[in-house]
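Visitor: Before we start, here is the structure in question, set down as structure tokens.
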Amino acid sequence: MLSKLKIWRQHPEYPSYEFSIYGGVRCNDGKPVSCYYSARYWHVYIRRVGQRRLHVLILETFRGARPAGMLGCHNDDNRDNNALSNLAWKTYSQNGKDMVLNGYKHSTTTRAKMSASAVGNTNGRALKGKPANNKLGSNQYIRKVG
């Protein structure tokens, strides 16, 4: 059955480590290598090198060395999904556009507009961290988006 087939390949710089297209890592003797979550990404500790991000190691193994000015990116912005089909080398700009398309962050190029009635309800206190008027409730705040 093809769906259960795991494809493993040695990393070009670290031949004692193998990576799978599904995001797994093991030693070349078949023993699994533990990964740990740090600074919002999964990492692998490479002997005599230190920690490396798992998704970057998978991209290096299957797609080659990182091109200049490129990042290892998750297409769906899910940092837990390290499958090769979800990873790509992208520019900072491409990564930012992907994050907006995936709803991960707000676009910095769009301008939010408030209706006249919404502006009237703030009583001129629409600053970040300032409470809105009592019509919205005393514990509600208007916050800056973007």
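Visitor: Between beta-carbons, use under 12 Å as the cut-off and find the net charge around residue 85, counting Lys and Arg +1, Asp and Glu -1.
Guide: Value of the local net charge: 0.
Visitor: For segment 2-101, what does the alpha-carbon gyration tensor say about shape, rounded, prolate or oblate, given a ≥ b ≥ c as the root eigenvalues, a/c under 1.5 as rounded, and a/b over b/c as prolate?
Guide: In terms of gyration-tensor shape, prolate.
Visitor: Mind checking the dipole of segment 23-98: about its Cα centre, +1 per Lys or Arg Cβ, -1 per Asp or Glu Cβ, Debye to the nearest 20?
Guide: The calculation lands at about 300 debye.
Visitor: Continuing with the same structure: Show which aspartates and glutamates lie in cross-link reach of residue 97 when reach means a straight Cα distance below 16 angstrom and same-chain residues fewer than eight apart are skipped.
Guide: Within the straight-line limit of under 16 Å, residue 97 reaches these aspartates and glutamates: 76, 77.
The numbers here are math on the coordinates, done by the rules we state, and not lab data. Note that the structure is a prediction, hence the values are computed from the model and not measured. Ideal geometry is used to build each Cβ from the backbone, glycine not excepted, and the neighbour counts take in all protein chains shown.
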